[in-house]
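The values are calculated or read from the model by the stated rules, or taken from the named source; none is laboratory data. Since we're looking at a predicted model, the values are computed, not measured. Here the Cβ is made from the backbone with ideal geometry for all residues, glycine too, and neighbour counts use every protein chain on show.
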Amino acid sequence: MLDTFFNIEIMKAAWPILLAGLGNTLLLSATVVPLGLLGGLILALLARLRSPWVRWPLMAWVDFFRAFPPLVLLIFLYAGLPFIGLELGGFGCVAIAFFLNTGAYYGEILRAGIDSVPTGQSEAARSTGLSATQTMAWVILPQAVRNVLPDLMSNTLEVVKLTALGSVVAMPELLFQARQAQSLTYNPTPIVVAALIYFALLWPLVRLLSRLENRALRAG
Amino acid sequence: MSSWERFLDTFFNARVMAKYWPDILYGMWVTIELAVLVVITGIASGLLLALLRAAGIRPVNWLMIFVVDVLRALPPLVIIVLIYFGLPSVDIAPSGFVSTWAALALVLMAFSEEIFWSGITAVPRGQWEASRSTGLSFTQTLLFVVLPQALRMTIPPLTSRTIAITKGTALGSVVAVSEILGQASSAVSNSYNPSPLMLGAAAYLVLFIPVVVAGRWVETRFAWKK
């Protein structure tokens, strides 16, 4: 049992491969989280426009990308775009897919956050002479983000976990590297180690979230 | 052929679509089967764990919290790969379908246990004390007084989490489950044409748009009023 799942020799051999994978996973996360946040911010700001010409298409857009499994979106871009002459590679496809998919989720969260800031705040800020942009950037958004911080963090956790999808389009991130090592050694130890790395990386965030969620429900 | 016609011929090729739509339809059936199994087993086991946690046996609870944390921290695809490629080494060889089902059900179990438990602890203590003093036993109080109030609070978060995990059925394509994405991908490589992907995308929208819209309605309908 130990020899199968926790084989020390194989761990030693696979370690550099897995470490390179971890580096790519971190790099990928550091790219897609800000991209998703940017997409979400754009959506949340557009949702401020009350015109039905903006609101209905926006709602359709968000529902569309929430209904689409992220892996389907990714495969769609990866397998479909080359047919119209666009070769974006794994990284480009992952970046676009995450921008669209996680942007929709971040957008919903930020919109709820902005809605939770009382209108008096923006009226007061405007009456002191701040412009609409300044009001949004310095008065509304900081309060909005604080109000929905647990949701933002929980979504970020999901996004980091989603980077494992990159393995399907041959991005050399942690899971991909682990599977390479596993097929070379005919031993599942590298996958077990990759799982341990994911756990070590994300456990603190999970613990923190679990506390925040419990506190929020008790206060509510 | 104009470029528009070429575009249509590439992405909406009627001949290719006519040939492969039965495959996609079969994939839809597999996706539905997988999703229903995951939702039922995942939520039922999550509820059982939350009730067990209410019994307050310390070592059991610590173990439960740890397992739930592990399942929340690992990407679902990693769990699927671990089951599908790892277990055969100890002579248990689950199929792709069983691996995907088990992995997603475990993840949903972990998340729903957390949600149910938060709901149970959010019911005011007075409710417990009042019903115990009327002569109800601990189990009766938990099942007939606390749980019904807790369940109502848990509906919005549980709905959105369940929808998110159900969409994970697409991950099954990685371990050769013939669900929508798997069927569409193999049709693309057989026909050298991306039209089956369009069909697959349409199949997902047909299945999940109603779910997302219904979820939105449920979240507003049962929103926790402060």
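Among residues of the range A:173-214 being among the hydrophobic types (A, V, I, L, M, F, W, C), without any contact (Cβ under 8 Å) to a residue 40 or more places away in the chain and more than 24 Å from B:VAL175 (Cβ to Cβ), the one that is farthest from the other protein chains (Cβ to nearest Cβ) is A:ALA200.
Can you spot a residue in the range B:181-192 that is touching a Ser or Thr at 6+ places or on another chain (Cβ under 7 Å), on the phi < 0 side of the Ramachandran plot and more than 8 Å from chain A (Cβ to nearest Cβ)?
So far as the range B:181-192 goes, yes, one or more of its residues are touching a Ser or Thr at 6+ places or on another chain (Cβ under 7 Å), on the phi < 0 side of the Ramachandran plot and more than 8 Å from chain A (Cβ to nearest Cβ).
Within the range A:78-89, being more than 19 Å from B:SER3 (Cα to Cα), modelled with pLDDT under 90 and either at the interface with chain B (Cβ under 9 Å from one of its Cβ atoms) or surrounded by 19 or more Cβ atoms within 10 Å (Cβ to Cβ) (or both) holds for one residue alone: A:ALA79. Pairs meeting the criteria (first residue in the range A:42-70 and of a type in the set (Lys, Arg), second residue at pLDDT 90 or above and part of a helix (DSSP H, G or I), beta carbons under 6 Å, at least 6 apart or on different chains) are A:ARG66/A:ALA104. Under the condition of being among the aliphatic types (A, V, I, L, M), over 16 Å from the mean Cα position of the chain (by Cα) and at pLDDT 90 or above, the residues counted in the range B:199-223 number 6.
Number of residues in the range B:5-45 that are touching a helix residue (DSSP H, G or I) at 6+ places or on another chain (Cβ under 8 Å), of a type in the set (D, E, K, R) and closer than 13 Å to B:ILE180 by Cβ: the value is 1.
Taking B:ALA214 as the residue in question, decide whether it is part of a helix (DSSP H, G or I), without any contact (Cβ under 8 Å) to a residue 24 or more places away in the chain and over 19 Å from B:VAL81 (Cβ atoms). Criteria met by B:ALA214. Among the residues of the range A:151-172, just one is over 16 Å from B:PRO75 (Cβ atoms) and within 11 Å of chain B (Cβ to nearest Cβ), namely A:ASP151. Of all the criteria given as (1) aromatic (Phe, Trp, Tyr); (2) at pLDDT 90 or above; (3) under 30 Å from A:LEU81 (Cβ atoms), the one not satisfied by B:PHE144 is (3). Mind checking which residues of the range B:191-221 are surrounded by fewer than 17 Cβ atoms within 10 Å (Cβ to Cβ) and either in contact with a helix residue (DSSP H, G or I) (Cβ under 8 Å, 6 or more places away or on another chain) or closer than 23 Å to B:THR100 by Cα (or both)? Correct list: B:SER191, B:ALA202, B:LEU205, B:VAL206, B:ILE209, B:VAL213, B:VAL218, B:GLU219.
Scanning the range A:35-77 for residues that are farther than 17 Å from A:GLY166 by Cα, in a helix (DSSP H, G or I), more than 14 Å from chain B (Cβ to nearest Cβ) and among the small types (Gly, Ala, Ser) turns up A:GLY39, A:GLY40, A:ALA44.
Taking the criterion of being of a type outside the set (A, V, I, L, M) and farther than 14 Å from B:GLY168 by Cα, the residues of the range B:73-89 that qualify are B:TYR84, B:PHE85, B:GLY86, B:PRO88, B:SER89.
The residue list B:VAL70, B:VAL38, B:VAL98 contains one member that is within 11 Å of another protein chain (Cβ to nearest Cβ), at negative phi and at pLDDT 95 or above, which is B:VAL70.
So, B:THR154, is that one closer than 24 Å to B:LEU37 by Cα, within 12 Å of chain A (Cβ to nearest Cβ) and buried (at least 20 other Cβ atoms within 10 Å of the Cβ) or not? Yes. With respect to the conditions (1) without any contact (Cβ under 8 Å) to a residue 60 or more places away in the chain; (2) more than 14 Å from chain A (Cβ to nearest Cβ); (3) among the β-branched types (Val, Ile, Thr), B:ILE43 lacks only one, and its number is (1).
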